[in-house]
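What follows is calculated from the coordinates using simple rules that are stated; it is not laboratory data. Quick caveat, the model's predicted, so the values are computed rather than measured. Every residue, glycine as well, gets a Cβ built from its backbone with ideal geometry; the counts of neighbours run over all protein chains shown.
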Amino acid sequence: MSRHLVIATSVVLVCLLAVAGSATLVGARGAKAAGTLRPNATNPIKRENLRRGSSSWSLDQTGGPRRIAGYASEVSLLPGQRVHFHVSTSPAARYRIVLYRLGWYRGAGARIVACVPGCYKDRRGKPRRDPRPARGSGLVQARWPVTDTFRFPRTAVSGYFLAKLQLTRGRARGRVTYIPFILRARPSRRSTILMQAAVNTWQAFNSWGGKSLFPATSTRNKPASRVSFNRPYKTTGPVPLQWDIGLIRFLEREGYDVSYTTDVDTDRVPGELTRHRLVISAGQDEFWSKRTRDAFEAARNKGTNLAFIGAAIGEWQIRYGNSRRTIVKYPDAASDPVADRARKTVRFADLIPPRPQCQLLGVGYRGGLRGDKDPPRSYAVNSAALGDGWFQGTGFTETSQLPDSVGYVWDSVQTGCAVPTPTVLFHYEGLGRNGNPTRADAVRYTAPSGARIFSSGSLYFIFGLDNYYGHRDVPPDPRLRQFMRNALADLTLKH
């Protein structure tokens, strides 16, 4: 993954007075700064992306393990609600929080929404105690006090947000770390597309405090059986939404009527999925609760179209604790104390009765994983599908390929799944990293309800649409962009 993004050393901001608390809301200085609304700016996303963007954001973090760290009390919230931050600086140091909404913004990729406590102000931080993993479960919870808050205006547009925590003085001036979170749309707004962020996966891979759900990133190679949202994300490397960036940029560049949610919120309000024509699961949306899986199946069965633009989606079943602030996942069925075999925290395919991914997605994960030294793997167009309307005007031919589009993980069509036979749109067949045969497939099938389900089958698929973060040596493919426009035109219709 390319680390081409650079942390800006300063941010030139235009600030207006304010909102609740001591935060400063960043606004436009006249119509020129905000962008003049065009006649075709017919939905909130189009209007939002006409505003002035900023390139001062980044996904790379320089805070180090102790310089500056923080987390939010919320994985998502609504317009009009307040987000609560918990910040620690070690040693004590002054800092500022800059809030960004991610999008297109004429290529800048984000817009500065607010500064806390202000665009030209800072606050003195204190070192907070680092917790130890709990015995047995490995649970790590920071339990730091709330240090900063910001209330979103009731008119705020749904989106992915980054809170950039930046040291402002001293030798460590400019060091940063990030807190990602989602602003959902108000219930009264029924956008055409709903995109789900994989915050469960973000937390599952998070090794802050020495524990994650994986042995390789846990102390003594012993994974936790419980991980908490009440802790920072690790302060080295990119924040976890790296697989979402390209899709956000593509959707907002094209001006689709989209709003955003999380897999935690799908568990909380399963019926939300049926309020939209198309629901998109983005990136490596790997860890779902039973209620989330049930919600996607119910939406499909009621005619809601689904798109899975990523891979290994809905592979593992998890449960929640502590009002959905804790993810519960045991290493295997035997160690899980829950007696109900349908609620065990194992792969959905290993439940009793089994619920393999392919019964929903049309494809499933079977170990497709790219090694560091592997050669590129490329999707080929399935020539038998070229007459499909999704290929119209793309320029794809029988010999066309999508360069380096299969990775970092990928899925394939599985035999024996109780779904209508999928149409294979793109296909790869070759050797995996262990030398064994491997396949990858991008497919579509139509459910008995009339709902259409599309699965890209690969995490790298998104780079053909936008490669702002990653795959810089392979430019976006205009043929795939047109394919995706055709696909979304179809998927946003009610069949």
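Couple of notes before you dig in:
- Mean Cβ neighbour count within 10 Å, used as a protection proxy, ranking 412-423, 240-251, 164-175 highest first: 240-251, 164-175, 412-423
- Residues Ser225, Ser259, Ser323, arranged from fewest to most other Cβ atoms within 10 angstrom of their Cβ, appear as Ser323, Ser225, Ser259.
- Label-to-label distance, nm, for residues given as Arg94 and Arg82 (7 Å Cα→Cβ offset): 2.5
- Cβ-derived FRET efficiency at R0 35 Å, Arg124 paired with Arg47, nearest 0.05: 0.40
- When only the Cβ of Lys, Arg, Asp and Glu is charged (+1, +1, -1, -1), the dipole of the chain relative to its Cα centre reaches about 2580 debye.
- Mean sequence separation of contacting Cα pairs (under 8 Å, at least six apart), scaled by the length of the chain, corresponds to a relative contact order of 13 percent.
- Mean Cβ count within 10 Å, highest first, over the residues of peptides 437-443, 454-460: 454-460, 437-443
- Tensor-based shape of segment 400-495 (alpha-carbon gyration tensor, a/c under 1.5 rounded, otherwise prolate or oblate): oblate
- For segment 320-442: rounded, prolate or oblate by the Cα gyration tensor [a/c cutoff 1.5]: prolate
- Distance between segment 464-495 and segment 140-165 - C-alpha centres, whole angstrom: 31
- Projecting label points 7 angstrom from Cα along Cα→Cβ for Ala134 and Gln392 puts them 5.6 nm apart.
- For Lys234, a cut-off of 21 angstrom between C-alpha atoms picks up these lysines, skipping any fewer than 8 places away in its own chain: Lys126, Lys164, Lys211, Lys222, Lys329.
- Kirkwood-based shape ratio for segment 24-237, expressed as Rg/Rh from alpha carbons: 0.99
- With neighbours defined as other Cβ atoms within 10 Å of a residue's Cβ, the residues Ser188, Ser378 order from fewest to most as Ser188, Ser378.
- Rg(Cα)/(2.2 N^0.38 Å) for the chain, N = residue count: 0.95
- Estimated FRET transfer efficiency (Asn436, Thr492; beta-carbon r; R0 45 Å; 0.05): 0.70
- The Kirkwood hydrodynamic radius of segment 240-282, based on inverse pair distances between different Cα atoms, is 11.6 Å.
- Antiparallel content of DSSP bridges confined to the chain, in %, to 5: 75
- If you take the Cα centroid of segment 227-298 and the Cα centroid of segment 371-397, the two points sit 26 Å apart.
- Each peptide among 304-316, 202-214 gets the average number of other Cβ atoms lying within 10 Å of its residues, and from highest to lowest they stand as 304-316, 202-214.
- Convex hull volume per residue, computed on the Cα atoms of segment 42-146, equals 146 Å³.
- Spin-label model, Ser323 to Arg173: label points 7 Å out along the Cα-to-beta-carbon direction sit 4.0 nm apart.
- Listed by chain and number, the aspartates and glutamates whose C-alpha is less than 19 Å from the C-alpha of Lys302, apart from same-chain residues fewer than 8 away, are Asp267, Glu272, Asp294, Asp490.
- For Val239, Val227, order by how many other beta-carbon atoms lie within 10 Å, fewest first: Val239, Val227
- Volume per residue that the Cα convex hull of segment 332-380 spans, once the total is divided by residue count, Å³: 96
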